[in-house]
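Readers should treat all values here as calculations from the given coordinates under stated rules, not as data from a laboratory. Keep in mind that this is a model prediction, so the values were computed, not measured. Virtual Cβ from ideal backbone geometry, glycine too; neighbours counted across all protein chains shown.
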């Protein structure tokens with residue numbers, strides 16, 4: 001494995017809790033000198049003689065200056081998060097206390113950790129594979145239950161276990177094929193090709209299911225953009241305010257009030273919906289600023305995952321220019337101001353609401369959710385939420401297909417073996433058994449410092 005030029009033998013320190021005033025703050029040390037450093041600060045007992053996974057209450061002192069009364073947690077290698085000696089110091093949440101304690105640790109030989117360096121050390125010591133390490137970052141960044149459950153599943157090894165099974169079978173068969181090459185002149189068959197074909201089919205189906213899960217996983221991880229469009233004064237800003245339960249967008253009876261887009265996010269059943277209130281779309285306006293707003297509205301339609309067209313009951317739908325503009329998009333037609341609409345004017349296929357009076361809003365949000373999530377989210381199955389993962393999975397699927405085709409054509413062992421090696425290489429890059437400094441820098445740079 002190629003790693004970065006960072007010195008992995010030294011001891012690192014960082015604040016593990018968020019910046020700002022709080023009840024407590026936790027400082028984390030990891031490395032061979034972690035226990036020696038804390039022992040010089042914690043004078044009430046000899047921490048070097050204490051057992052792993054124990055807590056100790058006492059005063060931290062540096063250069064005869066009391067720092068804080070703290071709780072020190074000890075984790076001896078290899079039974080720690082990083083696989084190294086780890087110390088966690090729970091201090092009071094004063095920024096002065098935390099900074100003075102970190103400075104003392106640095107003066108005693110630690111250095112300030114880089115972003116994600118604790119988890120990177122856990123990866124390098126075999127405590128996590130790369131997919132699990134990335135799940136740690138996803139878990140920290142999760143804002144909804146769906147994001148949390150997807151990250152937890154992968155952190156527990158759900159994704160990793162799927163790949164390990166495929167990798168082990170490919171290695172086993174590859175070894176038998178290599179053995180056949182050694183005995184090529186004797187025409188000896190060690191590998192069970194029928195069984196291998198069954199394995200290939202099973203692996204190919206599994207990998208493609210993982211690839212297909214990215215469509216849902218991407219929505220779970222990043223949410224979906226919903227552009228609220230319609231003619232001026234259709235009630236778009238009122239609808240946004242009602243969804244948010246807040247007066248976020250300016251509402252006026254004057255047509256064309258919204259000149260720029262307003263974007264806000266809400267969670268619907270654990271999925272983040274990024275609503276975009278756009279300027280009203282109309283063909284003829286002499287207002288230059290309004291024209292710019294309309295151009296932005298068209299731009300947001302292209303960027304949106306769902307278009308919510310808000311119309312009133314008197315608006316022609318079928319031959320409308322707005323409908324023509326959104327035909328290529330995933331859209332919902334919503335008729336607003338139903339309190340002023342006769343019952344007999346309602347048509348099938350549309351959603352009827354009163355944004356002002358909060359009528360039909362729950363039905364609309366359920367429809368939006370179902371439009372995006374066309375299946376129940378199974379928290380026990382693997383969801384691919386990372387674009388790096390899906391790119392490697394696509395290459396794995398491609399090599400598996402090549403192997404399958406080679407087997408069907410009854411190609412010789414030496415012609416099939418290279419595709420098996422390429423497939424194993426992609427699995428290795430995905431899990432981190434094969435990697436390089438650029439991949440590691442990219443993955444761990446997205447972490448916060450202290451994790």
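Here are the numbers:
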read-out: Förster-model FRET efficiency, 45 Å R0, residue 366 and residue 438, C-beta, rounded to 0.05; value: 0.50
read-out: Whether region 75-161 is rounded, prolate or oblate, judged on the alpha carbon gyration tensor where a/c under 1.5 counts as rounded; value: oblate
read-out: Three-way shape call for region 12-127 based on the alpha-carbon gyration tensor, with the a/c threshold at 1.5; value: oblate
read-out: Calculated FRET efficiency for the pair residue 394/residue 48, C-beta based, R₀ 41 Å, to 0.05; value: 0.20
read-out: Relative packing of peptides 83-89, 147-153 - highest average C-beta neighbours within 10 Å first; value: 83-89, 147-153
